[in-house]
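Trainee: Mind having a look at this structure? Questions to follow.
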Amino acid sequence: KTWPSMSYSPEAQALFIPYIHTCATMTFKAVERKPGGGGMGQGPMQYMLHPNADGKPGVLVAMGLDGTTRWEYRQRAPFVSATLATAGGLVFAADMDRYLRAFDVKTGKVLWETRLPVGAHGFPASYAVNGRQYVAMPVGPTTVLEMYAPQFVPDIVPVKGDNALVVFALPDKQ
């Protein structure tokens, strides 16, 4: 598990792990071993759906500290953002189809969702101003994942757009 990044909730004692249920075939090429040379040696890469993905390569898992799966949310669109777990019992994640969702950390139920103007990427952030909590999500043009995703989800086409920071206010706790 590498990218996108996961988050941890001390209140829930759980990790929230977005992953893409795919397989890949990668080829390598020689690396020039001299000053100024080098590189990773990565050649062409071919992605495909994992046989058990059932057409839903986007997965968000809540994992307890003992390694047990508490809940799993599966969908067609791969998750492209890191997750953000809040002390208020929410976990946020965005997908390649431009949806940003808030999940209940205990059940995985979707509590809120919105469609972003362009694809999300990077790390959502949370902050408070005068006691009001906000969640900010960076959005922008194609991510690295979106260059490979047409190999396994050709029906989800990224939209073109500019970089932005989209901010949402959470409801007052009353």
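Quick note: the coordinates plus some simple rules give every number you see, no bench work behind them. Since the structure is predicted, the reported quantities are computational estimates derived from the model, not experimental observations. Please note: Cβ atoms are built from the backbone with ideal geometry, for glycine as well, and neighbour counts cover all protein chains shown.
Trainee: Going by amide H atoms built from the backbone, whose H comes under 5 Å of the H on A77, apart from near neighbours?
Mentor: For A77, the qualifying residues are G58.
Trainee: Karplus couplings for the range 79-91 from phi (6.51 cos²θ - 1.76 cosθ + 1.60, θ = phi - 60°), rounded to Hz, Gly and Pro as x?
Mentor: Karplus values, whole Hz, x for Gly and Pro: 6, 10, 10, 5, 8, 10, 9, 10, 5, x, x, 10, 10.
Trainee: Separate question: I need the phi-derived Karplus couplings for the range 100-106: 6.51 cos²θ - 1.76 cosθ + 1.60, θ = phi - 60°, integer Hz, Gly and Pro marked x.
Mentor: 10, 10, 10, 10, 6, 5, 7
Trainee: Next question, about the same structure. Between T27 and T114, what is the label-to-label distance in nm when each label sits 7 Å out along the Cα-to-Cβ direction?
Mentor: 4.5 nm
Trainee: Please give the peptides 65-77, 5-17, 39-51, 108-120 ranked by average Cβ packing (other Cβ atoms within 10 Å per residue), highest first, as a rough proxy for protection. Present the calculation step by step, with values, prior to reporting the outcome.
Mentor: Working: 65-77: 13.5, 5-17: 17.5, 39-51: 11.7, 108-120: 15.2.
Sorting 65-77, 5-17, 39-51, 108-120 by mean packing, highest first, produces 5-17, 108-120, 65-77, 39-51.
Trainee: Any idea what diffusion coefficient the chain gets from Stokes-Einstein, in µm²/s, Kirkwood Rh on alpha carbon pairs, 4 °C, 1.567 mPa s?
Mentor: On the way: Rh = 17.4 Å.
After rounding, the answer is 74 µm²/s.
Trainee: Shifting gears a bit: What is the pair-distance distribution P(r) of the range 8-71, computed from all Cα-Cα distances in 10 Å bins starting at 0, with each bin given as a whole percent?
Mentor: Over the range 8-71, the share of Cα pairs per 10 Å bin runs 18, 27, 24, 21, 10, 0 percent.
Trainee: Starting from the amide H of V166, placed 1.01 Å from N in the peptide plane, find each other amide H under 5 Å away whose residue is 5 or more places distant or on another chain.
Mentor: Hits under the 5 Å cutoff: M137, V139.
Trainee: Let me have the relative contact order for the chain, percent, based on Cα pairs under 8 Å that are six or more residues apart.
Mentor: About 17 percent, as a whole number.
Trainee: Now a separate question. For G122, list long-range residues whose amide hydrogen, built 1.01 Å from N in the peptide plane, is under 5 Å from its own amide hydrogen.
Mentor: Placed amide hydrogens put A82 under 5 Å from G122.
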